[in-house]
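One structure below.
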Amino acid sequence: MSQLEKMEVNPDLAMERAKCNFNIMELTHILDGGEENTVRRKKIEDIALNSGASKDAFPEEHMSPKEKYENAVRKSCIFADLVKNDFAHLTGLETFGINSNVIRRTADAFFKEVSPFLLHMGMFVPTIMGQCTSDQMSYWLPRAMAMQIIGTYAQTELGHGTFIRGLETTATYDPETEEFVLHSPTLSSYKWWAGGLGNTANYCIVVAQLYTKGECHGTHPFIVQIRDEDTHMPLPGITVGEIGPKMGFNTADNGFLGFDHYRIPRDHMMMKNAQVLKDGTYVKVARHGKLTYGTMVFVRVMLVSEAAFNLAKACTIAVRYSAIRRQSKPKPDEGEPQILDYATQQHKLFITIATAHALQLSSSWLWRSFSAVLTEMKEGNTDKLPEFHALSSCLKAVSTSDAAYLIEQCRHACGGHGYMISSGIPHLYNFVSATRTYEGDYTVLLLQTARFLVKAYEQAEAKQPLTPTVSYLKLAFTRKEPWDSSPAGIVRSFQALAAGKVSTCVKNMRKRMRSGLSEVEAWETSTIQLVSAAEAHCRAVISDAYKSETERLTANSSPNVKIVMEQLSTLYLYYWALERIGDLLLYTSISEKDIVELQTAYEELLQKIRPNAVGIVEAFDLRDELLHSTLGSYDGRAYERLMDEALRSPMNKEPINQSYYKYLRPMMKANL
Ligand SMILES: CCCCCCCCCCCCCCCCCCCCCC(=O)SCCNC(=O)CCNC(=O)[C@H](O)C(C)(C)COP(=O)(O)OP(=O)(O)OC[C@H]1O[C@@H](n2cnc3c(N)ncnc32)[C@H](O)[C@@H]1OP(=O)(O)O
Ligand SMILES: Cc1cc2nc3c(=O)[nH]c(=O)nc-3n(C[C@H](O)[C@H](O)[C@H](O)COP(=O)(O)OP(=O)(O)OC[C@H]3O[C@@H](n4cnc5c(N)ncnc54)[C@H](O)[C@@H]3O)c2cc1C
């Protein structure tokens, strides 16, 4: 047993736990969505983590890229076995853990970066479920679920990621052989980025321009075998490889893929939404043109809970560390305070906790809306899809962007030690900053939402009915919103602010069109404001969802848990009101006096939250195995852990490195 395992809990952390005044487990149950969920999650974590299978004998950060990848494949196979044999009955999901936060969460103990199977689980399987006919599904799904084949999702190309309609890979139907011929006509048409594509996957979903009878019908998904099922050799006509080192995701073997007139059977086109008949006739089945984008919408919804989860990890690390770290001596007669006592530190950290709650609760709310939209779509009704696309786009954009920013803030809050890989924060940042880009870049997705907002504004102007998430846009046509500092009042002000911004955009675009610009040009020159309006809309949606979910979830909770949750949701509102003072001055009646009072109320709230801060982050119930952090472990023994990690470095295995004899010694001797 290592020295560390015998250590007692750091006394500062023990003191924090002793002064927590609410029932931590009760809050955990709320965040897990109910006590049974907590019990089931803990069972799964016990099975997976107590086995020791998640641990590395040698620290991953000291492995070569190839070793890291091989180690990740090894552990992915162990994890996949656990999921199949041990968790399936506990999760109650026949879908091999898709949509299961528990599986996702447990996987993090196994992978400091990501599993090369992430795209198999996260996109290959969901695309089979969303884009195949039932016949196709009954062939592909069992094989994918049983991990007899491993797949990925290859959409992005070297030349295009955002602009899907601009993809260049072609799938041309040949009625003679009843096959599609896949081809990469240019270097820029090579598929690029797909996770697991480099070395792991033997199948992938390829998104290509469909040509039949000489006509292009736009992009469609196809299931394509790329490697031999036995030897794993790339098949003739396929060029496949790994794209090289990245900022993060280094165990994901993101790959490239090119086709040289590569043939696949006709029924490997995923035919739920559109079909090509044997004679080459193209038949559109879906009632909405964008249903082939369905997997992206699904993953965008997933990414909101990803943002919340990773933020929860970062703030657990940073708050625990801030409780054990002492620095400076503001009062000469007293000892050095815990850095958590500094108001500026609380300002950095408590918004991070509140945002983790806000995103987690907004994400549950979004999942419920998604389920309702899916149910209606199964009955052939796609009316709610545009609103849902607008909503999932902005929530994905804002949640991942906020999470990346706040994780970086957690690193700042941990000073120099936060820069150590062993703190756990750099991995979190590298992972989350990618989520701001993939599955639709931040700006691009906010502009999708803006498009919906502008249309909704025009409906409001014409006094037509509005869908629920934009019904507030009618505020744009009333008098300035009176400032009211209650939580409900602040949410209303955020709505008035968003409505005002959308209105300003529309007026500017109209003015620009009157001065001679085309509609496209007027839109393009207004995009900075449109992005800002979409962000404001999203902030209003999150604030509203966070506030109402908090009220709903605490309706029967014990008084102190209710107080803690309300303090955090109010903090979120105060924080963003103070961040958006300029906008509030424009679109509400807020006065200088109101602003001074708001700042004071915010600072008082930080002090009220302070005594429970450690308890609040511990309600996320993140085991040390999931945190991978020297700074944030349960025992708070950060210094011992930092030293322990330093001593494990291969750089310390020999007292003198050979470079001394090869370079340093000759240089120094020559300089004598
Ligand atoms: C066993 C061990 C395992 C262990 C592991 C255990 C794990 C456990 C499992 C867990 C999993 C973990 C999490 C998952 C992680 C996954 C990782 C993912 C990695 C990354 C993957 C990727 O990164 S994969 C590529 C994504 N790449 C994009 O994301 C491109 C964005 N680019 C666009 O998405 C389009 O290009 C863009 C801009 C819309 C324009 O599309 P466009 O040009 O066709 O359309 P237009 O702009 O012209 O718009 C025309 C009209 O279509 C409307 N519309 C557009 N889209 C619509 C839509 N979706 N639904 C409805 N309506 C839509 C629009 O609103 C307009 O409506 P209207 O006309 O009424 O105004
Ligand atoms: C870690 C990681 C994993 C990935 N995994 C996969 C995968 O498994 N499968 C897959 O298919 N893809 C994958 N991708 C690709 C990813 O989906 C794309 O990189 C992403 O959609 C962004 O597209 P892009 O790279 O073309 O960026 P670009 O569109 O080139 O963006 C560059 C800049 O241009 C701006 N821009 C672009 N268009 C517009 C516009 N219309 N208006 C205003 N600004 C614009 C953007 O805002 C951005 O600032 C992955 C990417 C990463 C980083």
Every listed condition ((1) under 26 Å from the mean Cα position of the chain (by Cα); (2) modelled with pLDDT of 95 or more) holds for ASP12 save (1)
Can you find a residue in the range 152-169 that is within 11 Å of ligand 1 (Cβ to nearest atom), assigned to a helix (DSSP H, G or I) and under 30 Å from PHE87 (Cβ atoms)?
-> no
Being within 11 Å of ligand 2 (Cβ to nearest atom) and buried (at least 18 other Cβ atoms within 10 Å of the Cβ), is that true of even one residue in the range 417-429?
-> no
Mind telling me which of the residues GLU640, GLU654, GLU645 ends up being of a type in the set (Asp, Glu) and surrounded by fewer than 16 Cβ atoms within 10 Å (Cβ to Cβ)?
-> GLU654
Go through the range 579-672 and tell me which helices (runs of 4 or more DSSP H), entirely inside it, have 2 or more residues that are assigned by TED's automatic domain parsing to the domain that holds ILE563 and over 25 Å from THR344 (Cα atoms).
-> 581-587, 624-627
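Quick grid of which residues meet (1) buried (at least 22 other Cβ atoms within 10 Å of the Cβ); (2) closer than 30 Å to ASN250 by Cα; (3) more than 16 Å from ligand 2 (Cβ to nearest atom); (4) in contact (Cβ under 8 Å) with a residue 12 or more places away in the chain:
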residue	(1), (2), (3), (4)
ARG436	yes, yes, no, yes
ASP441	no, yes, no, yes
GLU458	no, no, yes, yes
GLU461	no, no, yes, yes
GLN464	no, no, yes, no
ALA476	no, no, yes, yes
Selection within the range 322-342 - touching a helix residue (DSSP H, G or I) at 6+ places or on another chain (Cβ under 6 Å) and part of a helix (DSSP H, G or I) | SER322, ALA323, ILE324, ILE339, LEU340
Any residue in the range 50-62 that is within 16 Å of ligand 1 (Cβ to nearest atom), surrounded by 14 or more Cβ atoms within 10 Å (Cβ to Cβ) and modelled with pLDDT of 95 or more?
-> no
Kindly provide the set of residues from the range 121-151 that are assigned to a loop (DSSP other than H, G, I, E, B) and modelled with pLDDT of 95 or more, ordered by number.
-> CYS132, THR133, GLN148, ILE149, ILE150, GLY151
Cβ pairs under 6 Å, 6+ apart, first in the range 496-508 and closer than 16 Å to LEU584 by Cβ and assigned to a helix (DSSP H, G or I), second at pLDDT below 95 and small (Gly, Ala, Ser) | ALA499/ALA476; SER503/ALA476
Examine the range 554-569 for a residue that is under 17 Å from ASP402 (Cβ atoms), buried (at least 20 other Cβ atoms within 10 Å of the Cβ) and in contact (Cβ under 8 Å) with a residue 40 or more places away in the chain, and state whether such a residue exists.
-> yes
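A quick yes/no check of all residues on (1) assigned to a helix (DSSP H, G or I); (2) modelled with pLDDT of 95 or more; (3) within 16 Å of ligand 2 (Cβ to nearest atom):
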residue	(1), (2), (3)
ASP267	yes, yes, no
ASP279	no, yes, no
GLY289	no, no, no
TYR293	yes, no, yes
ILE353	yes, yes, no
LEU366	yes, no, no
Single unsatisfied condition, THR172 versus (1) touching a residue at least 60 places away in the same chain (Cβ under 8 Å); (2) in a strand (DSSP E or B); (3) more than 24 Å from GLU439 (Cα to Cα) = (1)
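The values are calculated or read from the model by the stated rules, or taken from the named source; none is laboratory data. Computed from a prediction, not measured in an experiment: that's the story for all the values here. Using ideal geometry, Cβ is built from the backbone for each residue, glycine included, and neighbour counts are taken over all protein chains shown.
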